[in-house]
1. Within the range 1-71, considering only helices (runs of 4 or more DSSP H) that don't extend past its boundaries, which have at least 3 residues that are over 20 Å from ILE159 (Cα atoms) and among the hydroxyl-bearing types (Ser, Thr, Tyr)?
2. Provide a single number: the residues in the range 12-22 that are without any contact (Cβ under 8 Å) to a residue 60 or more places away in the chain and farther than 25 Å from PRO108 by Cβ.
3. Could you check how many residues of the range 23-45 are aliphatic (A, V, I, L, M), within 18 Å of GLY123 (Cβ to Cβ) and either surrounded by 17 or more Cβ atoms within 10 Å (Cβ to Cβ) or in contact (Cβ under 8 Å) with a residue 12 or more places away in the chain (or both)?
4. How many of the residues making up the range 140-169 are at pLDDT 90 or above, touching a Lys or Arg at 6+ places or on another chain (Cβ under 9 Å) and part of a helix (DSSP H, G or I)?
5. Which residue pairs have Cβ atoms under 8 Å apart, sit 6 or more places apart or on different chains, and have a first residue in the range 152-179 that is closer than 12 Å to VAL16 by Cβ and a second that is of a type in the set (Phe, Trp, Tyr) and surrounded by 12 or more Cβ atoms within 10 Å (Cβ to Cβ)?
6. Can you tell me which residue in the range 52-75 is surrounded by the fewest Cβ atoms within 10 Å (Cβ to Cβ), limited to those that are β-branched (Val, Ile, Thr) and either touching a helix residue (DSSP H, G or I) at 6+ places or on another chain (Cβ under 8 Å) or over 14 Å from SER31 (Cα atoms) (or both)?
7. Does LYS13 fit the bill of being buried (at least 20 other Cβ atoms within 10 Å of the Cβ), among the charged types (D, E, K, R) and in contact with a strand residue (DSSP E or B) (Cβ under 9 Å, 6 or more places away or on another chain)?
8. Name the single residue, out of those in the range 127-139 being in contact with a helix residue (DSSP H, G or I) (Cβ under 8 Å, 6 or more places away or on another chain) and modelled with pLDDT of 90 or more, that is surrounded by the most Cβ atoms within 10 Å (Cβ to Cβ).
Amino acid sequence: MIIGLTGPNASGKGEVARYLLEKGFIYHSLSDILREEGKKLGIEPLRENLIILGNRMRQEKGPAILALCAIKKLSDGKNHVVDSIRNPAEIEALRGVRGFVLLGLDAPVEIRFKRGLARKRPGDALTLEEFIKKEEKENRSNAENQQLKKCLEMADVVIANDSSIKELYKKIDETIKKA
């Protein structure tokens, strides 16, 4: 089984990935591919820089480039989780892999903003207004850019991550059983 994760900023993708890792899944992140490329180019791994780099890579090498890099790392007969899917072309490429299921995570913007504040990542928004503006910027309809809303709409299953971690884990387990 290959579970892809998509959803807006601070919706719980990382938490789901950690949980699946504990269940024996092999972890892959499209953002890690960007971080590796950014390191080679001497780019500081801030969210804004990674977005720019990802958009540039999609423009130069095609909108599915990050997914194609991840697909090379998937081994048959193993369970994998692919995190940080942010472009519809990435989803289409991954749908070509047998056993792929796209899991979308979402939560109200206020909850996600508070989570973002709590994790204290460099470059994250410090006000709700700034958080919303950054999110709008990440949802442009250009084929090479991030399109988080569109990706969420393409999900096979969407989990509302608006309560406890225990409840989130329960929803993940139910989703895995059905897949």
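1. On the way: elements: 13-22, 30-41, 47-61, 65-71.
Because the criterion is at least 3 residues that are over 20 Å from ILE159 (Cα atoms) and among the hydroxyl-bearing types (Ser, Thr, Tyr), no helices (runs of 4 or more DSSP H) in the range 1-71 meet it.
2. Initial filter on the range 12-22 (without any contact (Cβ under 8 Å) to a residue 60 or more places away in the chain): 18, 22.
Then keep just the ones that are farther than 25 Å from PRO108 by Cβ; that gives 22.
Qualifying residue count for the region: 1.
3. Step one: list which residues in the range 23-45 are aliphatic (A, V, I, L, M), which gives 26, 30, 33-34, 41, 43.
Imposing the further condition that a residue be within 18 Å of GLY123 (Cβ to Cβ) reduces the set to 30, 34, 41, 43.
In the following step, the residues that additionally are either surrounded by 17 or more Cβ atoms within 10 Å (Cβ to Cβ) or in contact (Cβ under 8 Å) with a residue 12 or more places away in the chain (or both) were identified as 30, 34, 41.
Selection size over the range 23-45: 3.
4. 1
5. That search, which allows pairs on different chains as well, returns LEU168/TYR19; TYR169/TYR19; ILE172/TYR19.
6. Step one: list which residues in the range 52-75 are β-branched (Val, Ile, Thr), which gives 52, 65, 71.
Remaining after also requiring either touching a helix residue (DSSP H, G or I) at 6+ places or on another chain (Cβ under 8 Å) or over 14 Å from SER31 (Cα atoms) (or both): 65, 71.
Values: ILE65: 22, ILE71: 19.
That would be ILE71.
7. Values: buried (at least 20 other Cβ atoms within 10 Å of the Cβ): yes; among the charged types (D, E, K, R): yes; in contact with a strand residue (DSSP E or B) (Cβ under 9 Å, 6 or more places away or on another chain): yes.
In short, yes.
8. Among them, the one singled out is PHE131.
The values are calculated or read from the model by the stated rules, or taken from the named source; none is laboratory data. If you're wondering where the values come from, they're calculated on a predicted model, not measured in any experiment. We place every Cβ from the backbone using ideal geometry, glycine too, and count neighbours over all the protein chains shown.
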